[in-house]
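The values are calculated or read from the model by the stated rules, or taken from the named source; none is laboratory data. Computed from a prediction, not measured in an experiment: that's the story for all the values here. Neighbour counts are summed over all protein chains in view; Cβ atoms, including those assigned to glycine, are modelled from backbone coordinates with ideal geometry.
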């Protein structure tokens with residue numbers, strides 16, 4: 001299907017770009033001709049990725065090493081972008097992490113950092129870069145949520161709650177942006193085999209039929225964004241699971257999620 005978005009020569013920002021879904025977004029956008037700001041904590045990995053993407057795709061790539069979970073992280077990234085005088089036309093807010101275990105057993109500072117990154121940084125970057133898009137009448141944002149956003153998830157309570165915020169925040173932007181030429185989409189992947197699982201303390205795979213590769217997730221997600229969709233869940237199994245959660249009582253869905261986390265061995269303490 002031919003894309004309705006022309007990425008050639010425009011600038012895009014991808015956060016959490018050093019691995020997994022973020023890295024794949026960087027690769028796909030570079031292949032489509034976009035110039036890139038790539039943000040993550042891993043400076044060396046960003047530099048290697050940026051050098052390779054620039055050489056292969058003949059685009060400009062500017063890596064920015066920044067910790068967006070820190071209070072001044074989003075402002076630092078926005079300031080470094082502003083200093084270049086570049087107009088960022090597309091944002092992929094992908095940076096985030098999770099944890100598993102009973103909430104009372106988890107590291108409080110890590111849980112707070114998760115909220116700061118998954119929610120606070122996403123809101124700050126969207127606010128900082130969306131207004132110029134509205135003035136220009138073009139562009140958009142992809143906020144990476146999760147299928148965990150559609151229900152409470154015991155033993156992953158904070159993460160699921162942050163992703164529920166991302167989902168509803170993004171859906172709330174849609175009507176506000178109607179008629180401006182700017183789009184907003186929540187991408188809600190199911191299980192994707194990346195470094196996220198190790199960081200979250202997940203040692204066993206999820207439902208095998210639901211698992212997609214980062215490339216499959218991003219290709220399908222970008223196609224949905226190009227079509228102007230406001231919400232996209234990649235994968236038939238993931239979409240069916242989300243549809244089912246809307247039909248069942250919340251208490252039953254939460255009970256089922258708790259049982260699934262126990263079966264998958266995700267109820268132990270995560271020491272981060």
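Restricting the search to region 129-144, which residues are in a helix (DSSP H, G or I), more than 12 Å from residue 90 (Cβ to Cβ) and touching a helix residue (DSSP H, G or I) at 6+ places or on another chain (Cβ under 9 Å)?
Across region 129-144, the qualifying residue is only 134.
Can we say residue 82 is free of Cβ contacts under 8 Å to residues at least 40 places away in the same chain and under 18 Å from residue 132 (Cβ atoms)?
Against the criterion (free of Cβ contacts under 8 Å to residues at least 40 places away in the same chain and under 18 Å from residue 132 (Cβ atoms)), residue 82 qualifies.
Please pick out the residue among 56, 66, 61 that is farther than 17 Å from residue 128 by Cβ and surrounded by 15 or more Cβ atoms within 10 Å (Cβ to Cβ).
Testing whether each residue is farther than 17 Å from residue 128 by Cβ and surrounded by 15 or more Cβ atoms within 10 Å (Cβ to Cβ) leaves just 61.
How about region 12-26: which of its residues are at negative phi and crowded, with 21+ Cβ neighbours inside 10 Å?
Of everything in region 12-26, those that are at negative phi and crowded, with 21+ Cβ neighbours inside 10 Å turn out to be 12, 13, 14, 15, 17, 18, 21, 22, 23, 24, 25, 26.
Would region 178-190 turn up any residue that is assigned to a helix (DSSP H, G or I) and either within 26 Å of residue 28 (Cα to Cα) or modelled with pLDDT under 55 (or both)?
No, there is no match, as no residue in region 178-190 is assigned to a helix (DSSP H, G or I) and either within 26 Å of residue 28 (Cα to Cα) or modelled with pLDDT under 55 (or both).
Can you name the condition, by its number, that residue 230 falls short on among (1) under 20 Å from residue 16 (Cβ atoms); (2) modelled with pLDDT of 95 or more; (3) touching a helix residue (DSSP H, G or I) at 6+ places or on another chain (Cβ under 8 Å)?
The one condition residue 230 does not meet is (1).
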